[in-house]
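Shown next, in structure tokens, is the structure this report addresses.
The values are calculated or read from the model by the stated rules, or taken from the named source; none is laboratory data. Keep in mind that what you see is a predicted model, and the values were worked out from it rather than measured. A quick note on method: Cβ atoms are made from the backbone with ideal geometry, for glycine too, and the neighbour counts reach across all protein chains shown. What goes into the accessible areas is simple: the full protein's heavy atoms, side chains included, and nothing from ligands, DNA or RNA. Shrake-Rupley method; radii C 1.70, N 1.55, O 1.52, S 1.80 Å.
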Amino acid sequence: MSAVVTRLRRPRSTATEPTLEIDLSAIAANTRRFAAATQGEVMAVVKADGFGHGLGDVARVALTNGASWLGVTSIAEGVAVRATGLTAPVLSWLNPVEVDVETACRNRLDLAVPSVGHLDAIVAAGCPMRIHLQLDTGLARDGAAPEEWLELVAAARRAEAAGQITVVGVMGHLPAADRPGHPANAEGRLALQCGAELAVRAGLRPVVRHLAATAATLTDPSTHLDLVRIGVGLIGIDPSGSTRLRSALRLVAPVVQVRRVPAGTGVGYGHTYVTDRPTTLALLPIGYADGLPRAASGRAEVLVAGRRRPVTGLISMDQTVVDLGDDPVEQGSEAVVFGPGDEGEPAAGEWAEWAGTIPHEIVTGIGPRVQRCVR
């Protein structure tokens, strides 16, 4: 099931169903901020449907506001980028050894290469691919282990000499960039520097070395190198907490029912919340199937009629109940679940705190039943 996407050419109005409003001007402003913060090039990372904001829209806006590369995880995401008509360089960096090289080649995608096995598969396909050698710089996940790096570099040099590939980049990822000053980041930076030097000594001539993502781009210029990769920063999230970026999302839902209840009324499954006074409850047609984390039950708040209201009882699959107290709120009123915070509404980061997670998970988890409106 795909989310319905509409484009607002008028001021926003009260939603009649759960709606995710996507502000492209915020993405534009954030991209310009990152472009101004570095002397290197900017890669706009648009994986996970542009972090839930629309892959094509985020890519187009970023490229017109300072980015010159695009980044994705899979070949399928890269194909989706090309389907929009964009021609900028696109790097895909998370693929199995049995990667579909022919599709990557046909769509002019660069591929990250984290092992000799991956390189062998690319060479065997017979397509002259552009590749980025990927070194594990401290996360023990994707990328070649340091002890395998020399073998990978040597194999890449042989393949390039034979005209089978072109090595255009060397890349890594910092392990703790959201914690500026963490010693693991200095170790990661040194590891990539050494890895790139070994590649050059072997006869390779990569034109871009890249290591920094959003947090390091904002806090550590020494990691910028030739290119920085910006993902969640584009849509207004700074993992380092050092910079206020513009949030590009606003999630709203209508109040579909209002009821007055006496003290002692149990709310939701298991009656985890029981009213301690006469009060008014409002029902929102949105729940964990739409991306609201059930773990935030009993802690979360939403904005209704200009005031924050507590979420009461358990968030269920399709429904959420909030306590309005004695305030007169009508059926059909708008509840702002989260947004930039300009009107007092919670931000996605607050929902992340209530659920014990990170804002990345909140914004990418909004389900396809929620209507999308781009403005």
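None of VAL329, VAL336 is touching a Gly at 6+ places or on another chain (Cβ under 9 Å) and under 27 Å from ASP276 (Cβ atoms) except VAL336. Considering segment 339-362, the residues that are in contact with a helix residue (DSSP H, G or I) (Cβ under 7 Å, 6 or more places away or on another chain) and not in a helix (DSSP H, G or I) include one that is least open to solvent (accessible area, probe 1.4 Å), namely GLY356.
Applying the criterion of at least 1 residues that are over 19 Å from the mean Cα position of the chain (by Cα) to the strands (runs of 3 or more DSSP E) found wholly in segment 58-144 leaves 109-113, 129-134. Among the residues of segment 263-304, those identified as out of contact with any Asp or Glu (no Cβ under 6 Å at 6 or more places or on another chain), in a loop (DSSP other than H, G, I, E, B) and under 15 Å from VAL337 (Cα atoms) are PRO285, ILE286, GLY291, LEU292, PRO293, SER297, GLY298, ARG299, ALA300.
Under the condition of being part of a helix (DSSP H, G or I) and closer than 18 Å to ASP142 by Cβ, the residues counted in segment 159-198 number 9.
Here is the figure for segment 101-146: residues that are modelled with pLDDT of 95 or more, of a type in the set (D, E, K, R) and surrounded by fewer than 16 Cβ atoms within 10 Å (Cβ to Cβ) total 4. Residue pairs, Cβ under 7 Å, 6 or more apart or interchain, first in segment 48-62 and aromatic (Phe, Trp, Tyr), second in a loop (DSSP other than H, G, I, E, B). List them. What qualifies is PHE51/GLY231.
For residues that are under 20 Å from the mean Cα position of the chain (by Cα) and buried (at least 22 other Cβ atoms within 10 Å of the Cβ), scanning just segment 161-181, find the one that is nearest to ASP238 (Cα to Cα). Among them, the one singled out is ALA177. Which residues, counting only those in segment 219-250, are open to solvent by 40 Å² or more (accessible area, probe 1.4 Å), in contact with a Pro (Cβ under 9 Å, 6 or more places away or on another chain) and part of a helix (DSSP H, G or I)? Result: THR219, single match.
Working only within segment 133-177, note down all residues that are under 17 Å from VAL228 (Cα atoms), in contact with a helix residue (DSSP H, G or I) (Cβ under 7 Å, 6 or more places away or on another chain) and β-branched (Val, Ile, Thr). Hits for segment 133-177 are THR137, VAL170. Does LEU20 satisfy the condition of being at pLDDT 95 or above, surrounded by 18 or more Cβ atoms within 10 Å (Cβ to Cβ) and in contact with a Lys or Arg (Cβ under 7 Å, 6 or more places away or on another chain)? Against the criterion (at pLDDT 95 or above, surrounded by 18 or more Cβ atoms within 10 Å (Cβ to Cβ) and in contact with a Lys or Arg (Cβ under 7 Å, 6 or more places away or on another chain)), LEU20 qualifies.
Which count do you get for residues in segment 297-326 that are within 14 Å of ARG259 (Cβ to Cβ), open to solvent by 40 Å² or more (accessible area, probe 1.4 Å) and not polar (S, T, N, Q)? Reasoning before the result, please.
As a first pass, look at segment 297-326 and keep what is within 14 Å of ARG259 (Cβ to Cβ): 312-313, 319, 321-326.
Subsequent filtering for residues that are open to solvent by 40 Å² or more (accessible area, probe 1.4 Å) retains 319, 326.
Adding the requirement that they be not polar (S, T, N, Q) leaves 326.
The total comes to 1.
Within segment 208-218, the set of residues being open to solvent by 10 Å² or more (accessible area, probe 1.4 Å) and under 16 Å from LYS47 (Cβ atoms) comprises ALA213 only. Go through segment 32-47 and count every residue that is in contact (Cβ under 8 Å) with a residue 60 or more places away in the chain, more than 18 Å from THR219 (Cβ to Cβ) and in a helix (DSSP H, G or I). Here the count works out to 1.
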